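Each remark here refers to the structure printed beneath this line.
The values are calculated or read from the model by the stated rules, or taken from the named source; none is laboratory data. All values reported here derive from a predicted model rather than from experimental measurement. Here the Cβ positions follow ideal geometry from the backbone for every residue, glycine too, while neighbour counts run over all protein chains shown.
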Amino acid sequence: MNIFTGFLNIEMVKISKTYIPKETEKYMCPKHLAFFKKKLQDWKTDLKRTSNEAIYNSSLDDNSTSADIVDQASSYTEKNVELRAINRQIKLISKIESALKRIQDGTYGFCEETGEPIGLKRLMARPVATLCIAAQEKHEKEEKVYADD
């Protein structure tokens, strides 16, 4: 039996709006999981809202038919920047959905490479983190080595 079996139904766990996970509590206890689930869901909702607003506003502000070529170029550049930002938000939403799945399957908060706890401070700063700091640093060093080749 998986040690996380008891954590899978975190909907039953009630936490206050001001609750912050504590190092003194058992790591990834039901309260921690409920906290991060809510944090991730709220973040996802906010990203979707801002992406939709950006798409809507982008469709309203269209200088691409302007007679002035400078206005057209400026409009094109602005749309390109907006679309890249929206694309980053979509990728982040995908990472959030993956983190929510890890909460459900009981693997959230543990490093994908080492199985060690990622740590509350790291998850508070980056709730979609999948690697502990040591594994992340190793990964970044490897990326740098390949980039230098």
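Summary of computed values
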read-out: Residue in segment 48-70 that is within 23 Å of Ala129 (Cβ to Cβ), at pLDDT 85 or above and loosely packed, with under 15 Cβ neighbours inside 10 Å present; value: yes
read-out: Verdict on Ala125 being farther than 19 Å from Tyr19 by Cβ and either modelled with pLDDT of 95 or more or hydrophobic (A, V, I, L, M, F, W, C) (or both); value: no
read-out: Selected residue [within 16 Å of the chain's Cα centre (by Cα) and within 25 Å of Lys22 (Cβ to Cβ)] from Ile118, Ile133; value: Ile118
read-out: Unique match (being over 26 Å from Tyr27 (Cβ atoms), modelled with pLDDT of 80 or more and surrounded by 13 or more Cβ atoms within 10 Å (Cβ to Cβ)) among Ile86, Ile103, Ile96; value: Ile86
read-out: Complete set of residues in segment 1-25 that are modelled with pLDDT under 50, more than 23 Å from the chain's Cα centre (by Cα) and part of a loop (DSSP other than H, G, I, E, B); value: Met1, Asn2, Ile3
read-out: Matching residues in segment 127-149 - criterion: being in a loop (DSSP other than H, G, I, E, B) and surrounded by 14 or more Cβ atoms within 10 Å (Cβ to Cβ); value: Pro127, Val128, Ala129, Thr130, Leu131, Cys132
read-out: Residue match in segment 30-44 (condition: aliphatic (A, V, I, L, M), outside any loop (DSSP other than H, G, I, E, B), under 20 Å from the mean Cα position of the chain (by Cα) and within 17 Å of Ala125 (Cβ to Cβ)); value: yes
